[in-house]
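Right, one structure below, let's go through it.
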Amino acid sequence: MIRKNLLLALICLLAVGCSAKRGANMQYLAQRTIDDTHPRATLILGHTDLVNNILITNVKVAQVGLLPKAGIDVQNLTDNRYSLEYKIVWRDKQGFPIDVGHVWHRFVLTPRKIKSFQSVGKSEDAYSIQFTVRFPDDLYIESDRQERESKEMVPCPPPLPPICPRSMRDRVQFK
């Protein structure tokens, strides 16, 4: 009886220990579209539509003189053409960002192609990287879309007129 309980407790501990990874990228890791084997790299797919379509892999981090250098490959697994953007953030050993003012860089990934990216840390304290790939996010495009949607005429509930701008309809409190 005691052996069975001890064996059951050991199995539970092993199961909990194997599922220690949590966070937004858990489903991406399950589908193996992110190579999480390098301890000095955090890789992020910035949109769920990239899962199973884009692969981030082949992470290398090495010292070049006093500064670290990193290389990462991004592969298109589909027959589609993707316009994407990436950002690399260098972090110190405690995980704090080294350089502030990170810029997103746009790139195009054609069908079935691999694109390699490299970065050199800006400080001797740079230890690890965070590499993020996402769809381009253009503030002007987004604000134009929101403005267009707010002017779109849609059916409104009473006591408003039968057709009104979407922005007016959204302000109505339904009781």
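All of the numbers you see were taken from the coordinates with simple rules; none came from a lab. Remember, it's a predicted structure, so these values are computed and weren't measured experimentally. When we count neighbours, we look across all protein chains shown, and the Cβ atoms used for this are built from the backbone with ideal geometry, even at glycine.
Laid out as a table, the results:
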{"read-out": "Long-range HN-HN contacts of residue 98 with modeled amide H, under 5 Å", "value": "90, 91, 92"}
{"read-out": "Potential lengthening between residue 78 and residue 37 on full extension [0.36 nm per residue; Cα-Cα distance subtracted]", "value": "12.4 nm"}
{"read-out": "Distant-in-sequence amide H partners of residue 42 (H built 1.01 Å from N, under 5 Å)", "value": "129, 130, 131"}
{"read-out": "Computed E for residue 120/residue 149 - FRET, C-beta separation, R0 30 angstrom, nearest 0.05", "value": "0.10"}
